[in-house]
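One structure is given here, and the rest of the page talks about it.
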Amino acid sequence: MKNSSSAFFISLIYFLISLILLLFSDELLFLITKNPETIANLQDMKAWIFIIISSIFIYFMIKLLTKKHEKSKDELEKIFNSLASPTMLFNEDGKILMINKIFEELTGYKYKEIDTIEKWTRKAYGEKALEVKEIINSLYSVDDIVDAGVFQIMTKNDKKICWHFNTAPFGIKNGKRTIIATALDVTELKEKEKMMIQQSKMAAMGEILENIAHQWRQPLSTISTASTGIKLQNEHGILTNEIITESMDMINKSAQHLSKTIDDFRGFFKPDQKKEFFKVKHTFEKIIMIIGNKFDGEKINFISEIEDFQILNYNNALIQVLINIFTNSKDVFNEKKIKDRFIFVDVSSDEYSATIQIKDNAGGISSKIIDKVFEPYFTTKHQAQGTGIGLYMSEELITKHMKGKIKVENSKFLYDGKKYSGALFTITLPLKI
Ligand SMILES: Nc1ncnc2c1ncn2[C@@H]1O[C@H](COP(=O)(O)OP(=O)(O)OP(=O)(O)O)[C@@H](O)[C@H]1O
Ligand SMILES: [Mg+2]
């Protein structure tokens, strides 16, 4: 803007001087001499002087303008390099105009190596280069700040780092729409988050394994009794074909039961989580089957009313969340030594979403802390019993992975003519993500 107004100003002066020279120079010559030959000579000279003066004038003006331009570029570079966050300036031609020092330091790439979006995306994003380029292309038409999200970047020495990018339009530079992108290095944060997810999953796995072990006791003892029975009867010569068939059937049935409990949860132990179609009813049945025995032992009754419908989401994540919620109820029942113990599960759906409500009759959560239960490391339990990440992770899984919502409140209700109170968790999930 500044450059173009100075250019206009200079052109105007040039135009006026030329005009004066054109209109009045001949009159001036006639004042000096009336000799036509001298006048012709002087007119020739005049033309030459005009050309020389114009050239000198244009030379100095261009120099002045480029100096101004370089000065402003220098200033911009200084500002860029003083920024603590990695920053990049690029235009709609896919040219990267500038990156700052911290950008070079953290990625290991020198400006020359990544002076185009093409080179940068290919080097930093590898397989995802196309996807990132598409996002970048969509930025030029936006005239606001954009939270572009978190990206994994490959540095020059093959280190993976995570950057959270924000972009904003930087006006028109040299006739091209230009964008400024600043990044926040969230590598450590992401690592920590990953560790927490892992830690929380391990806790849920521990819970599942403990329950599987509990479930296995019965069939294992059946197998062992049947096989020692056959051996003893054989030794005493009283083994009949009927006994063999009956015992083998029993062993087979028990073995199938063992394999089913493992099959149901095999997916949960796999590291990669995939979106899948599943029935919320099945997920509950699986969980209640697996923890049911142990919860029976704790005298916890599940009372459920579950609609039969399918959703497309992360089944494993839902298992993890439900186990966290059930385990919390179990802990409070034990802590408060509650006699009659109920967990009510209510699942319904409408056109767009599924609603899962889980409430217990353990007395509820004190109003002083109810707003804090989803915070990381918030726990009212002894260090050995709780880390306080169960509900934090549950909220992360529900909101970030499953694109749903989770809230908690206290509820008072009647069951079998008796008054109860307890925590009520409501989860809403989209039917498809
Ligand atoms: N059903 C409930 N009734 C009463 N209080 C609850 C209930 N569920 C959770 N809370 C409270 O919320 C706190 C946070 O729960 P959260 O699951 O996040 O952590 P934690 O159970 O203490 O530890 P962790 O799950 O990591 O082992 C609990 O310490 C407890 O005080
Ligand atoms: Mg917990």
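A few points about this structure:
- Longest segment of the chain lacking chymotrypsin sites (Phe, Trp or Tyr not before Pro) that sit in a DSSP loop with at most 14 other Cβ atoms within 10 Å: 1-308
- Label point at Thr187 placed 7 Å out along Cα→Cβ; residues across segment 118-160 whose backbone nitrogen lies under 15 Å: 124-125, 151-160
- Reachable lysines, given that their alpha-carbon falls under 27 Å from the alpha-carbon of Lys67 and they are not under 8 places away in the same chain: Lys2, Lys78, Lys95, Lys101, Lys110, Lys112, Lys173, Lys176
- Since only Ala124, Phe60, Leu431 are under comparison, the one whose Cα sits farthest along the positive direction of the charge dipole of the chain, derived from C-beta charges on Lys, Arg, Asp and Glu, is Phe60.
- Cβ-defined net charge surrounding Val280, 14 Å radius [Lys, Arg +1; Asp, Glu -1]: -3
- A Cβ-based charge dipole, computed about the Cα centre of segment 2-80 with Lys and Arg at +1 and Asp and Glu at -1, lands at about 380 debye.
- Entry note, the chain: relative contact order of 9 percent, from Cα contacts under 8 Å with a spacing of 6+ residues.
- Using only side-chain charges placed at the Cβ, +1 for Lys and Arg and -1 for Asp and Glu, the dipole size of the chain relative to its Cα centre rounds to 780 debye.
- Dipole of the chain computed with +1 at Lys/Arg Cβ and -1 at Asp/Glu Cβ about the Cα centre; of Asn301, Phe80, Ile311, farthest Cα towards the positive end is Phe80.
- Contact order, relative form, for segment 40-116: 19 percent (alpha carbon pairs under 8 Å, 6 or more residues apart, mean separation divided by residue count).
- Build a GNM of the chain with springs between Cα atoms under 10 Å apart, and of Glu351, Glu188, Glu27 the one that fluctuates most is Glu27.
- Within the chain, helix-based [θ] at 222 nm, where runs of 4 or more DSSP H residues each add -39,500 (n - 2.57), nearest 500: -18500 deg cm²/dmol
- Segment 358-413 and segment 139-176: distance between their alpha carbon centers, rounded to Å: 36 Å
- Value of Rg to Rh for segment 2-80 (Rh from inverse mean 1/r over Cα pairs, i.e. Kirkwood): 1.24
- At R0 = 30 Å, FRET efficiency that the Cβ-Cβ distance of Phe170 and Thr399 yields, to 0.05: 0.35
- Total charge dipole magnitude, segment 83-185, about the Cα centre, Cβ charges on Lys, Arg, Asp, Glu only, Debye to nearest 20: 380 debye
- Given charges at Cβ of Lys, Arg, Asp, Glu: segment 332-424 dipole, positive-most of Gly388, Tyr420, Ile338: Ile338
- Charge context of Tyr420, other residues only, Cβ under 11 angstrom, K/R +1, D/E -1: +2
- Shape class of the chain from the alpha-carbon gyration tensor: prolate, with a/c at 1.5 or above and a/b greater than b/c.
- Candidates Glu70, Glu335, Glu276: whichever shows maximal mean-square fluctuation once the chain is modelled as a Gaussian network with Cα springs under 10 Å: Glu70
- Rounded, prolate or oblate (a/c below 1.5 giving rounded, otherwise prolate when a/b exceeds b/c) for segment 324-433 by Cα gyration tensor: oblate
- Calculated FRET efficiency, Glu298 to Glu242, Cβ-Cβ distance, R0 = 41 Å: about 0.55 to the nearest 0.05.
- Relative contact order of segment 284-398, taken over Cα pairs closer than 8 Å and 6 or more residues apart, is 25 percent.
- Principal-axis analysis of the Cα atoms of the chain puts helix 129-139 at an angle of about 60° to the longest axis.
Quick note: the coordinates plus some simple rules give every number you see, no bench work behind them. Source: prediction; values computed, not measured. Reconstructed Cβ throughout: ideal geometry from the backbone, glycine too, with neighbour counts over all protein chains shown.
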